[in-house]
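Enquirer: This is the structure I want to talk about, given as structure tokens.
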Amino acid sequence: MSKAAFRGGVHPPEHKEQTSASAIEWMPVPARLVIPMSQHLGAPCAVQVAVGDRVRRGQVIGSVDAMVSAPIHSPVDGEVAAIGLSLTAGGMRVQCVTVTPDAEQNLEAFVPVPAGDVRATVRAAGIVGLGGAAFPSAVKLSPPKDMNVTTVILNGCECEPYLTCDHRVMVESPERVVAGARIIAEAIGASRVVIGVEENKPDAIAALREAAIEGVEVSSLVTRYPQGAEKQLIWAFLKAEVPHGKLPAAAGALVHNVATAAAIADAVELRKPLTERVVTVTGRVAKPGNYRVLLGTLVSDLIEFAGGFSGGVGRVIAGGPMTGPALADLDVPIAKGSSGIVVLGPDEIAPLVEGDQACIRCGRCSEACPMFLQPYLIATHANRRDWTTAEIFHPVDCIECGVCSYSCPTRRPLLQLIRLAKAAVMSKGAKL
Amino acid sequence: MSDSTELKPRLSVASSPHIGATVTCTNIMLWVVVALAPASIWAMVSMGWPAVQMFVLCIGSALGTEAAWNAIAKKPQTLLDGSALVTGVLLALCMPPMLPWWMSVAAGFISIALGKMIFGGLGWNLFNPALVGRAFVLMSWAGVLSKLPNKGWFKTIDVVGAGGLDAISGATRLAIASADRAAAGGYGFNLASQYQPLLWRNLEGSLGEVSAGLLILGGLVLLFKGIIDWRIPAGYIGTMGLLSWVFGSDPIFNVLAGGVVLGAFFMATDYVSSPMTKNGKLVYGIGCGVFNAVGRFYGPAPESTTFAILFMNGLAPLIDKMFIPRTFGWVKRNEE
């Protein structure tokens, strides 16, 4: 029996069959890597190398002293070819270090991160949330002292359509995931560890159960988007709501993505820095699959490795189709938070509507909203730029999962309008 | 390689989400029409040519009015959203078959023009457009309506042959029951004997009263498809039945007779004019049932569905305001 999920949500067509059985495969080292100095939420790193420098795989090339940040390591042995601003998947120009890899590479070897306690090691290894948010993991391992975190939840939901990278990590390296879970639980003194996986991945559930050690539960969850959203996942297991404006720790939980847990295990046990990640490349490409990709690999090179486009291309998305940004330029690098490259045909994209679409008050958006918001109301007030009224309906609590826009029969750009309201309200100083 | 032209396709860019559910306003409206189709077709078969004429006139007038309004106002055409078609069909179903043709046309015009477009079109209207049209006809030509033959065209011929026009004009079984009750406190006929005709073939009253059974079937289709929520019809019909029993009448007869089934499944559930919150829907459905029952037993006319729903339409925005759910995470905190 799978657990009842959360209230709201939608179930878009999964489209995971294209890659869910594709074993993770290394993508060969590309001709150049463009490594952004900001691949995480928080302070960008300062470049620690100069043009012409030799770098080694695992060597720190960017770091900064801020609490919320994560250092950046060179994924290859090579030479720094350039340092400068470059476009990234999020649409921002970011300081990047371009490295030309040597012809000979040994991807088994790397400069190990300095020995230390778990938090220091995770920080030094540059680990961030690999589910997409890219929040520095070491920060999450230091919950406020006054909050009693009893449960570590590993997020193996992968509720976004198309993506299967976490799925494959769970199937192929369940023992790494479990090891990471144990390390996290010990580091923060949590008594309970649950790994939540949507029931559409029975092989992952079976593999994790096989690998599970004492004190680690593997739990199957109803397949429903956005089950993998942090607050909804905590609700599914603890039936506790993360209070408005508070950290998950306030509800007694800490959530990490499964691939992040595996990376933490690698960092702590092998002293391995984060230099590559698994990326699902799927949709309208000739050779869809799950590829282990060096950070800094250009999306254009990755798509070429995946056989190039096949069929008409409408939109290329970095991440899943519900939350990922659309790429305007394919010469942008894969970063720590890049879970997938999804290529949609023109016929697969939600059509853009022109002009102001009327709300027919069907209530689908309110019913789907996992935060119990009234998206149509926020959107209506946002459309009038009436931020004072919009604020009454809590746009700041929106988690931007997109189920409102997804479910709207008149295709109103609900989330887009809510984002405007959210930004306007937050600029007035509202707390998130 | 990044310089390959093949890798530089025209990319469309927009903010997420990039995919959308396949349900559109048009296919919701078409499902409503499909759900109404069995009852509508059976009404036409049972009542004959006047019923066919009624559908043609109401739908034609509704569509024509919307097209003309948009053309005059220089707005994009909105006929394809399907809502005017639904209004036309619903309007036809709440009209008596022998209505003069020009009244049908007027009703269609009023429904769309004053019921919907004047507010700004679909989504902005406060009241159910079809019921606005029906209310307009009821109020404007009450005298004409009371003299209408209540039976369909085929039946008219039969009866005219036998006893002349007087024999066929006037009261429906519902009106007779109501009059009996008012006069004597009892009924001149067994209400339970009317279940079968009301369910499957009743030739008295409006086109939507021909077969409550087929309307229930259509309503179940909409429920099953997730197009309407159970709270409104359940609240409405449940309350109507309960109050009929409380007022000393037969609950089943009172639910099946008149426009209750059509109202509960198809009129009160109109998205635009009903509440959006779940608890609000239940309260609104119960409200419709209360006003319909009170109107039927204590009002001036037994057929009170129209005004019960229109009244609750007016309250819908207020009801919604009362039932906006608490935002997830806005839990009461002791420390604050």
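The values are calculated or read from the model by the stated rules, or taken from the named source; none is laboratory data. On a predicted model such as this, the values are computed, not experimentally measured, just so you know. Backbone-built Cβ (ideal geometry, glycine too); neighbour counts: all protein chains shown.
Enquirer: Among the listed residues A:8, A:91, which satisfies the condition of being in contact with a helix residue (DSSP H, G or I) (Cβ under 7 Å, 6 or more places away or on another chain) and modelled with pLDDT under 95?
Expert: A:8
Enquirer: Out of (1) buried (at least 24 other Cβ atoms within 10 Å of the Cβ); (2) polar (S, T, N, Q); (3) under 24 Å from residue B:123 (Cβ atoms), the odd one out for residue A:374 is which?
Expert: Against the list (1) buried (at least 24 other Cβ atoms within 10 Å of the Cβ); (2) polar (S, T, N, Q); (3) under 24 Å from residue B:123 (Cβ atoms), residue A:374 comes up short only on (1).
Enquirer: Another question, then. Can you confirm whether residue B:19 is surrounded by 21 or more Cβ atoms within 10 Å (Cβ to Cβ), in contact with a strand residue (DSSP E or B) (Cβ under 8 Å, 6 or more places away or on another chain), within 14 Å of another protein chain (Cβ to nearest Cβ) and within 30 Å of residue A:160 (Cα to Cα)?
Expert: Spelling it out, residue B:19 is indeed surrounded by 21 or more Cβ atoms within 10 Å (Cβ to Cβ), in contact with a strand residue (DSSP E or B) (Cβ under 8 Å, 6 or more places away or on another chain), within 14 Å of another protein chain (Cβ to nearest Cβ) and within 30 Å of residue A:160 (Cα to Cα).
Enquirer: Residues of segment B:191-212 being within 14 Å of residue B:93 (Cβ to Cβ) and in a helix (DSSP H, G or I), which ones?
Expert: Passing the criteria: B:207, B:208, B:209, B:212.
Enquirer: Which numbered condition in (1) touching a Phe, Trp or Tyr at 6+ places or on another chain (Cβ under 7 Å); (2) outside any loop (DSSP other than H, G, I, E, B); (3) more than 16 Å from residue B:259 (Cβ to Cβ) is the only one that residue B:90 fails?
Expert: Just one mismatch for residue B:90, condition (3).
Enquirer: Moving to a separate point now. Find the residue count for segment A:55-72, including only residues that are part of a strand (DSSP E or B) and over 15 Å from residue A:121 (Cα atoms).
Expert: The total comes to 3.
Enquirer: Continuing with the same structure: Taking residue B:274 as the residue in question, decide whether it is of a type in the set (S, T, N, Q), crowded, with 21+ Cβ neighbours inside 10 Å and at pLDDT below 95.
Expert: Here the answer is no, as residue B:274 does not meet what is asked.
Enquirer: Is segment B:262-275 home to any residue that is within 12 Å of the chain's Cα centre (by Cα), among the charged types (D, E, K, R) and under 21 Å from residue B:130 (Cα atoms)?
Expert: Scanning segment B:262-275 turns up at least one residue that is within 12 Å of the chain's Cα centre (by Cα), among the charged types (D, E, K, R) and under 21 Å from residue B:130 (Cα atoms).
Enquirer: Please work out which residue is surrounded by the fewest Cβ atoms within 10 Å (Cβ to Cβ), limiting yourself to segment A:325-347 and to residues that are within 7 Å of another protein chain (Cβ to nearest Cβ) and farther than 18 Å from residue A:400 by Cβ.
Expert: By that ranking, first place goes to A:328.
Enquirer: Among (1) within 11 Å of chain B (Cβ to nearest Cβ); (2) of a type in the set (Phe, Trp, Tyr); (3) more than 29 Å from residue B:24 (Cβ to Cβ), where does residue A:387 come up short?
Expert: Single failed check for residue A:387: (1).
Enquirer: Quick one: residue A:352 ticks every box in (1) within 7 Å of chain B (Cβ to nearest Cβ); (2) surrounded by 18 or more Cβ atoms within 10 Å (Cβ to Cβ); (3) not in a strand (DSSP E or B) except a single one, so which number is it?
Expert: With (1) within 7 Å of chain B (Cβ to nearest Cβ); (2) surrounded by 18 or more Cβ atoms within 10 Å (Cβ to Cβ); (3) not in a strand (DSSP E or B) applied to residue A:352, the lone miss is (2).
Enquirer: Is there any pair linking a residue in segment A:336-351 that is closer than 15 Å to residue A:312 by Cβ to one that is buried (at least 22 other Cβ atoms within 10 Å of the Cβ) and among the polar types (S, T, N, Q), with Cβ under 7 Å and at least six apart or on different chains, and which?
Expert: Cβ pairs passing all conditions: A:342/A:282.
Enquirer: On to the next question. Out of the residues in segment A:20-39 that are in contact with a Lys or Arg (Cβ under 8 Å, 6 or more places away or on another chain) and either modelled with pLDDT under 95 or closer than 30 Å to residue A:78 by Cβ (or both), which is surrounded by the most Cβ atoms within 10 Å (Cβ to Cβ)?
Expert: A:39
Enquirer: Could you list all residues from segment A:300-324 that are under 18 Å from residue B:14 (Cα atoms) and either crowded, with 20+ Cβ neighbours inside 10 Å or away from chain B (no Cβ under 11 Å) (or both)? So that I can check it myself, show each step before the final result.
Expert: Taking segment A:300-324 and keeping what is under 18 Å from residue B:14 (Cα atoms), we get A:312-324.
Selection gives A:313, A:314, A:315, A:316, A:317, A:318, A:319, A:320, A:321, A:322, A:323, A:324.
Enquirer: I'm trying to understand the selection: among the residues of segment A:85-104, which are over 30 Å from residue B:12 (Cβ atoms) and out of contact with any Asp or Glu (no Cβ under 6 Å at 6 or more places or on another chain)?
Expert: A:97, A:99, A:101, A:103, A:104
Enquirer: Test residue B:235 against the criterion of being crowded, with 24+ Cβ neighbours inside 10 Å, more than 25 Å from residue B:42 (Cβ to Cβ) and of a type outside the set (Phe, Trp, Tyr), and give yes or no. Give the steps one after another, and end with the answer.
Expert: Numbers: crowded, with 24+ Cβ neighbours inside 10 Å: no; more than 25 Å from residue B:42 (Cβ to Cβ): yes; of a type outside the set (Phe, Trp, Tyr): yes.
Judged against the criteria, residue B:235 is not a match.
Enquirer: Same structure again: Give the residues of segment B:301-323 that are within 14 Å of chain A (Cβ to nearest Cβ) and either surrounded by fewer than 19 Cβ atoms within 10 Å (Cβ to Cβ) or of a type in the set (Asp, Glu) (or both), sorted by residue number.
Expert: Passing the criteria: B:317, B:320, B:321, B:322, B:323.
Enquirer: I'd like the full set of residues that are modelled with pLDDT of 90 or more, assigned to a loop (DSSP other than H, G, I, E, B) and not charged (D, E, K, R), limited to segment A:355-390.
Expert: Step one: list which residues in segment A:355-390 are modelled with pLDDT of 90 or more, which gives A:359-390.
Okay, now just the ones that are also assigned to a loop (DSSP other than H, G, I, E, B), so A:359-363, A:369-374, A:384-386.
Once the filter is applied, which keeps residues that are modelled with pLDDT of 90 or more, assigned to a loop (DSSP other than H, G, I, E, B) and not charged (D, E, K, R), segment A:355-390 yields A:359, A:360, A:362, A:363, A:369, A:370, A:371, A:372, A:373, A:374.
Enquirer: What strands (runs of 3 or more DSSP E) lie completely within segment A:239-319 and have 2 or more residues being in the same structural domain as residue A:229 (by TED's automatic domain parsing)? If you could, list the steps in order and put the result at the bottom.
Expert: Values: elements: A:253-257, A:276-283, A:289-294, A:315-318.
In segment A:239-319, A:253-257 are the strands (runs of 3 or more DSSP E) which contain 2 or more residues that are in the same structural domain as residue A:229 (by TED's automatic domain parsing).
Enquirer: Which of the helices (runs of 4 or more DSSP H) found entirely inside segment A:79-193 contain at least 3 residues meeting this: under 30 Å from residue A:18 (Cα atoms)?
Expert: Numbers: elements: A:118-124, A:137-140, A:165-172, A:174-188.
Passing ranges, in order: A:165-172, A:174-188.
Enquirer: Which numbered condition trips up residue A:363, out of (1) of a type outside the set (Phe, Trp, Tyr); (2) out of contact with any Cys (no Cβ under 6 Å at 6 or more places or on another chain); (3) on the phi < 0 side of the Ramachandran plot?
Expert: Single failed check for residue A:363: (3).
Enquirer: I'd like the residue in segment B:251-300 that is charged (D, E, K, R) and within 12 Å of chain A (Cβ to nearest Cβ) and, out of all such residues, is nearest to residue A:377 (Cα to Cα).
Expert: First, pick out the residues of segment B:251-300 that are charged (D, E, K, R): B:270, B:278, B:281, B:296.
Applying the additional criterion that residues be within 12 Å of chain A (Cβ to nearest Cβ) yields B:270, B:278, B:281.
On the way: B:270: 18, B:278: 16, B:281: 17 Å.
Looking at the filtered set, the residue picked out is B:278.
Enquirer: If you go through segment A:391-413, how many residues are facing chain B (nearest Cβ under 7 Å) and outside any helix (DSSP H, G or I)?
Expert: 5
Enquirer: Return the only residue of B:52, B:45, B:33 being surrounded by fewer than 24 Cβ atoms within 10 Å (Cβ to Cβ) and under 18 Å from residue B:268 (Cα atoms).
Expert: Within the list B:52, B:45, B:33, the selection yields B:33.
Enquirer: Yes or no: residue B:215 part of a helix (DSSP H, G or I) and either surrounded by 17 or more Cβ atoms within 10 Å (Cβ to Cβ) or at pLDDT below 80 (or both)?
Expert: Yes.
Enquirer: Return the residue satisfying two criteria in turn: it lies in segment A:356-375 and is over 29 Å from the mean Cα position of the chain (by Cα) and facing chain B (nearest Cβ under 7 Å), and of such residues it is farthest from residue B:119 (Cα to Cα). Working first, answer last.
Expert: Restricting attention to segment A:356-375, the residues satisfying the condition of being over 29 Å from the mean Cα position of the chain (by Cα) are A:356-363.
Cutting the leftovers down to facing chain B (nearest Cβ under 7 Å) gives us A:358-363.
Values: A:358: 12, A:359: 13, A:360: 13, A:361: 15, A:362: 18, A:363: 20 Å.
Among those that are over 29 Å from the mean Cα position of the chain (by Cα) and facing chain B (nearest Cβ under 7 Å), it is A:363.
Enquirer: Specify which of the listed residues (A:42, A:52) is in a loop (DSSP other than H, G, I, E, B), modelled with pLDDT under 95 and outside the structural domain of residue A:169 (by TED's automatic domain parsing).
Expert: Answer to the selection: A:42.
Enquirer: Check residue B:234 against each of (1) assigned to a helix (DSSP H, G or I); (2) farther than 30 Å from residue A:372 by Cβ and name the one condition it does not meet.
Expert: It is condition (2) that residue B:234 fails.
Enquirer: Now for a separate question. Test residue A:335 against the stated conditions and say whether it is closer than 24 Å to residue A:180 by Cα, outside any strand (DSSP E or B), assigned by TED's automatic domain parsing to the domain that holds residue A:240 and not acidic (Asp, Glu).
Expert: The answer is no for residue A:335.
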